[in-house]
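Have a look at the structure below, then the notes.
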Amino acid sequence: MNLMKTLFGAITAAAIGGAAMAEDPVKVGFIYVGPIGDGGWTYEHNKGRLAVEEHFGDKVETVFQESVPEGADAERAMTQMALSGADLIFTTSFGYMDPTINVAANFPDVKFEHATGYKRADNVSTYSARFYEGRAIQGHIAGKMTESNKIGYIASFPIPEVIRGINSAYIHAKKVNPDVEFNIVWAYTWFDPAKEADAANALIEQGADVILQHTDSTAPLAAAQAKGGVIGFGQASDMAEYAPFPRVSSIIDDWAPYYIARVQAVMDGTWESTDTWDGIGPGMVAIGEITDAVPAEVAEEAMAMKAALADGSYHAFTGPINKQDGSVWLAEGETADDGTLAGMDFYVEGLTAEIPN
Amino acid sequence: MDFGSINPLILLASLMVASTPILLAAIGELVVEKSGVLNLGVEGMMIVGAVTGFIAAVNLDSPTLGFVAAAFGGALLSLLFGFLTQVLLSNQVATGLALTLFGLGIAALMGQNYVGIRAPATLDVPLGPLADIPVLGPVLFQHDAMIYVSIGIVAAVWYVLTKTRAGLILRAVGESHDAAHALGYKVVRIRLMAIAFGGACAGLGGAYLSLVRVPQWTEGMTAGAGWIALAIVVFASWKPWRALLGAYLFGGITVLQLNLQAAGFKIPVEYLSMSPYLITILVLVIMSRDRSRAALNAPAALGKPFHASI
């Protein structure tokens, strides 16, 4: 009996082992900051994961962990994923930057890809999208659409990516509407629908009639809808369920092509540590349909700006632009370099708030 | 700085809205703990309440039925906990934590087709002339029914716990289940009822999030509210009116800090953001300074398993 069991066990093990050898799928892991059903940021990353599965079929196996807090617990989640045999791990939030670097040092054979950060290593790439290009278009629409001249901005954490978005939106709103004012609320969370709704309500109660958000859930749009007469934009995902009003347009992140390319690189053995920062042109940032709630001429101007940003004839940060303290940042016609943008820690002239440090 | 753009009346009104979910969950958990059971699954019951309430409200086009369904959903999930801990005598802490994980998962599954759908509007209670009273009107008399229901539940819990025989029995079970058992009270049955009540309240709190405060369904939308409710029970030293105070204090500071920011009030945001938690910790420290008094308030049999030997 015992012999039978041992024999059977050995055969099974051999069979499984053989199968694994034959297939040997590339195992790709994803660490998400919110739930995959957040309707925004994480939802789009997960769509990228599904696209990888569809593209490679049996040749790839994907795993993911959602709602992983930024901080020490992230290291645990990544370590677990690396130990379970992942070949490539995408860590999809800014706060995973140091944990990714730390864990990557322990697993030199595992490739890591960190979204929106700036620290790299031999086995850590970074990738991000030029969301600020989309913000420029939002700012333009917001500046044209506001009647109270007060625009509410729900920010998440004071990191360069978020500050870039605020600056870009403000510059382009101000350009078309010199009286525009930005009220900025820092929610200190990427995902907390109740808090995001409270923040939207606080802004609306204080006169804002346009809400821009850099948090991941659709709650601010739901709040705008409940209040009525307030417009907002889809963030990270199209959020089309709130179209045509209050959602008048959106910034959509499209990670699928990048994820597929990187998984392919691992399969081919050509993966290298790189820094990718793509915008509207290569398609990593898309602009969701501008609805009829926006006057046709404003929509046309927005589309023209989108085309100019895509073909490179216009840069969202083109001088003259002064810093908040009045010192010159960009002279007439000068455009911002990527280094400054990547580490942006200042507001442009005209914004009255201060960046929390 | 433009402090003047904050309307204190609207602020007070939105404070009540922001506080109601944690208040409901906290008052339910308070009753559970008074019966000597520690249910750490509040977060899970809240999110299940949020999703069942949302599904029912959308399909039946009635927020009222949504809240009823949420109470049932929360109670049903809590009875799972009750069965495991009271009948099968599993560990309460571990089972409670598992309940939270289970609740988050099953809620995500149930809500898959409900993302981005609009909930039927919950109407304010028509209180007629009361709503037009200056100052008091907008603060107290222009709310949806659930705010009054939540305060009513607090009052009822206070009355039952302190003034009635049923409350005395419940507290006896929480203080010494062996003595209560010896007197002939059905300890397990009483505890199961308390657990179901706690689940129903947590479900209502969750539904308040998905039907009124946000209002929409999003996965993981409770985002830790259940844990705050648990802290508020301790904060309140198991006294119903203090739970109301604690919840309003917490909700109030949350709303106030967002409003101060929106008004461009220049104080460091980090401090504002952590202030609700900081004050909760501070009050907990002050309250437990006098160890004997704090210990007196906690139900003596809290978290201990009960098995009738006869």
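One residue is enough: does segment B:12-26 have a residue meeting the conditions closer than 17 Å to residue B:229 by Cβ, away from chain A (no Cβ under 14 Å) and out of contact with any Asp or Glu (no Cβ under 9 Å at 6 or more places or on another chain)? Checking segment B:12-26: at least one residue is closer than 17 Å to residue B:229 by Cβ, away from chain A (no Cβ under 14 Å) and out of contact with any Asp or Glu (no Cβ under 9 Å at 6 or more places or on another chain).
On inspection, residue A:321 does not qualify as touching a residue at least 12 places away in the same chain (Cβ under 8 Å) and under 17 Å from the mean Cα position of the chain (by Cα). Residues in segment B:281-305 that are touching a Leu at 6+ places or on another chain (Cβ under 8 Å) and modelled with pLDDT under 70: none. Any idea how many residues of segment B:211-267 are within 23 Å of residue A:200 (Cβ to Cβ) and of a type in the set (Lys, Arg)? Adding up the residues that qualify gives 2.
Between A:285, A:266, A:210, A:294, which is at pLDDT 90 or above, assigned by TED's automatic domain parsing to the domain that holds residue A:191 and β-branched (Val, Ile, Thr)? That would be A:210, the only listed residue that is at pLDDT 90 or above, assigned by TED's automatic domain parsing to the domain that holds residue A:191 and β-branched (Val, Ile, Thr). The condition of being touching a residue at least 60 places away in the same chain (Cβ under 8 Å) and of a type in the set (D, E, K, R) holds for only one of A:87, A:73, that being A:87. Scanning segment A:27-65 for residues that are aromatic (Phe, Trp, Tyr), assigned to a helix (DSSP H, G or I) and within 14 Å of chain B (Cβ to nearest Cβ) yields A:41, A:43. All of B:117, B:133 fail the test of being within 14 Å of another protein chain (Cβ to nearest Cβ), surrounded by fewer than 16 Cβ atoms within 10 Å (Cβ to Cβ) and β-branched (Val, Ile, Thr), apart from B:117. Which one is nearest to the other protein chains (Cβ to nearest Cβ), of the residues in segment A:158-194 that are surrounded by 24 or more Cβ atoms within 10 Å (Cβ to Cβ) and either free of Cβ contacts under 8 Å to residues at least 12 places away in the same chain or polar (S, T, N, Q) (or both)? In this case the residue turns out to be A:167. Residues that are within 21 Å of residue A:134 (Cβ to Cβ) and within 11 Å of chain B (Cβ to nearest Cβ) within segment A:195-210 comprise A:196, A:199, A:200, A:203, A:208, listed in sequence order. Applying the selection to segment A:66-110, what residues are of a type in the set (Ser, Thr, Tyr) and in a helix (DSSP H, G or I)? Once the filter is applied, which keeps residues that are of a type in the set (Ser, Thr, Tyr) and in a helix (DSSP H, G or I), segment A:66-110 yields A:79, A:96, A:100.
Taking segment B:183-216 as the range and being more than 19 Å from residue B:89 (Cβ to Cβ), of a type in the set (A, V, I, L, M) and surrounded by fewer than 21 Cβ atoms within 10 Å (Cβ to Cβ) as the test, only B:183 passes. For residue A:225, the conditions (1) at pLDDT 90 or above; (2) within 14 Å of chain B (Cβ to nearest Cβ); (3) assigned to a helix (DSSP H, G or I) all hold with the exception of (1). From the residues in segment A:233-272 that are among the acidic types (Asp, Glu) and within 14 Å of chain B (Cβ to nearest Cβ), which one is surrounded by the most Cβ atoms within 10 Å (Cβ to Cβ)? Ranking the qualifying residues of segment A:233-272, first place goes to A:238. Select from segment B:179-217 the residues that are closer than 22 Å to residue B:82 by Cβ, among the small types (Gly, Ala, Ser) and free of Cβ contacts under 8 Å to residues at least 12 places away in the same chain and list them in ascending order. Once the filter is applied, which keeps residues that are closer than 22 Å to residue B:82 by Cβ, among the small types (Gly, Ala, Ser) and free of Cβ contacts under 8 Å to residues at least 12 places away in the same chain, segment B:179-217 yields B:179, B:180, B:184. Here B:40, B:30, B:77 are screened, and the one residue that is touching a Pro at 6+ places or on another chain (Cβ under 7 Å), crowded, with 21+ Cβ neighbours inside 10 Å and away from chain A (no Cβ under 14 Å) is B:30.
Does at least one position in segment B:214-224 carry a residue that is in a helix (DSSP H, G or I) and either out of contact with any strand residue (DSSP E or B) (no Cβ under 6 Å at 6 or more places or on another chain) or at pLDDT 90 or above (or both)? Checking segment B:214-224: not a single residue is in a helix (DSSP H, G or I) and either out of contact with any strand residue (DSSP E or B) (no Cβ under 6 Å at 6 or more places or on another chain) or at pLDDT 90 or above (or both). Quick one: which residue in A:63, A:33, A:26 is more than 17 Å from residue A:114 (Cβ to Cβ), in contact (Cβ under 8 Å) with a residue 40 or more places away in the chain and not hydroxyl-bearing (Ser, Thr, Tyr)? Result: A:26 is the single residue among A:63, A:33, A:26 that is more than 17 Å from residue A:114 (Cβ to Cβ), in contact (Cβ under 8 Å) with a residue 40 or more places away in the chain and not hydroxyl-bearing (Ser, Thr, Tyr).
So, of the residues in segment B:218-234 that are within 9 Å of chain A (Cβ to nearest Cβ) and touching a residue at least 40 places away in the same chain (Cβ under 8 Å), which turns out to be farthest from residue A:38 (Cα to Cα)? By that ranking, first place goes to B:225.
Those residues that are closer than 23 Å to residue B:66 by Cβ, in contact (Cβ under 8 Å) with a residue 12 or more places away in the chain and small (Gly, Ala, Ser), I need them from segment B:125-177; list them, please. Once the filter is applied, which keeps residues that are closer than 23 Å to residue B:66 by Cβ, in contact (Cβ under 8 Å) with a residue 12 or more places away in the chain and small (Gly, Ala, Ser), segment B:125-177 yields B:145, B:150.
Considering (1) outside any strand (DSSP E or B); (2) within 21 Å of the chain's Cα centre (by Cα); (3) over 30 Å from residue A:26 (Cβ atoms), the lone condition that residue A:273 does not fulfil carries the number (3).
Summed over segment A:200-219, residues that are touching a Leu at 6+ places or on another chain (Cβ under 9 Å) and closer than 20 Å to residue A:291 by Cα total 2.
The values are calculated or read from the model by the stated rules, or taken from the named source; none is laboratory data. Worth saying up front: this structure is predicted, and the values here are computed from it rather than measured. Heads up, the Cβs are rebuilt from the backbone with ideal geometry, glycines too, and the neighbour counts pull from every protein chain shown.
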